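The values are calculated or read from the model by the stated rules, or taken from the named source; none is laboratory data. Bear in mind that the values here come from a model prediction, so they are computed numbers and not experimental data. Glycine also receives a Cβ, built like all others from the backbone with ideal geometry; neighbour counts cover every protein chain displayed.
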Amino acid sequence: MSNQTTVSEFLLLGFSDVRELQILYFVVFLVIYLVALIGNLLIITAIALDHHLHTPMYFFLVNLSILDLSSISVTIPKSMANSLMNTRYISYSGCITQVFLLIVFISADYALLTVMAYDRHIAICQPLHYERVMNRRACVQMAASAWISGILYSALHTGSTFVISFCGGNVDQFFCEIPQLLKLACSDSDHSETGAIVFSACLALSCFVFIIVSYIHIFKAVLRIPSEQGRRKAFSTCLPHLTVVSLFIFTGTVAYLKPTSISASGLDLLVGALYSVVPPMMNPIIYSMRNREVKGSLSKLIGWRLFSKNKMSIFLH
């Protein structure tokens, strides 16, 4: 660090000071975390065990589930532990780690959603070239690029944030995030904040434009399919991804384009939960509900588990 920091720990914002409400918050977030954990693990397991799903689209879906599982694990467990122990503390190094990992997983998530849009574009607009373009090596390289870009992007933003000095330790959020930390800066951080916003906006906008252009070509190609059944099948393969992208962009837009004049702590908590908790919990539900192949694989997996348990209980009796 080039500047000496004046704080050694931060105080995170709690949902309530009432002990009963803290316990209620712990239970609610525990349920949300378990839903996200079980949902993403089920999708990873179902795809890994079903060889029919060993295709580029589901390879990327496994990576998406890993990223979702990782991102929600960065924020919720620490907040739940603080609520259970009736404390709000997080160490300086813990805050750095939380910021770095959260940006890694969220930015890699967005990069991977962009790659998945390209995958759907090739599958529908150039089906004869799909196996050649989306071969195993290309898929691994694209997934690795999403992870590496997330790490580099996070290192840049985390480093530029924690190089400044902090004169306060009260973070107006239930986890460490850059916009709230910049409010605690001793020196004027307007330039670094503006630079980070411009850089992030350019990257996010370029990915957004790529996704939109891809889907324009996809919709044009689908509308040229003569049979209604073929059009429905093509749309069904794109609908889960399009829904997940829309949810991701909507929650991120609400979180980071909220007017700075609106700084109510309750609203900050709600917005923070919206973009850090909702997508990782909803993504496996969206894919399992909207994708027939994933739904079928999950049904087989759960049915096989139940059958195995029943068979074992009969054998024991």
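Remarks
- Residue satisfying condition, being among the hydrophobic types (A, V, I, L, M, F, W, C) and more than 21 Å from I106 (Cα to Cα), within set V62, V28: V28
- Matching residues, segment 130-151, being over 19 Å from F210 (Cβ atoms) and assigned to a helix (DSSP H, G or I): E131, R132, R136, R137, V140, I151
- Under the condition of being at pLDDT 75 or above and among the hydroxyl-bearing types (S, T, Y), the residues counted in segment 172-225 number 4.
- Of all residues in segment 95-110, those that are free of Cβ contacts under 8 Å to residues at least 60 places away in the same chain and more than 27 Å from F210 (Cα to Cα) have Cβ atoms under 9 Å from Cβ atoms of residues that are part of a helix (DSSP H, G or I) and of a type outside the set (S, T, N, Q), 6 or more apart or on another chain, in T97/V74.
- Pairs linking a residue in segment 54-66 that is under 11 Å from M134 (Cα atoms) to a residue that is of a type in the set (F, W, Y), with Cβ atoms under 9 Å and 6 or more positions apart or on different chains, are P56/Y130.
- Of the residues examined, S246 is one that is in a helix (DSSP H, G or I), of a type outside the set (A, V, I, L, M, F, W, C) and surrounded by fewer than 13 Cβ atoms within 10 Å (Cβ to Cβ).
- Filter result for the condition that a residue is over 20 Å from N40 (Cβ atoms), crowded, with 20+ Cβ neighbours inside 10 Å and of a type in the set (F, W, Y), over Y130, Y118, Y110, Y153: Y153
- Filtered residue count, segment 1-60, keeping only those that are among the β-branched types (V, I, T) and part of a helix (DSSP H, G or I): 11
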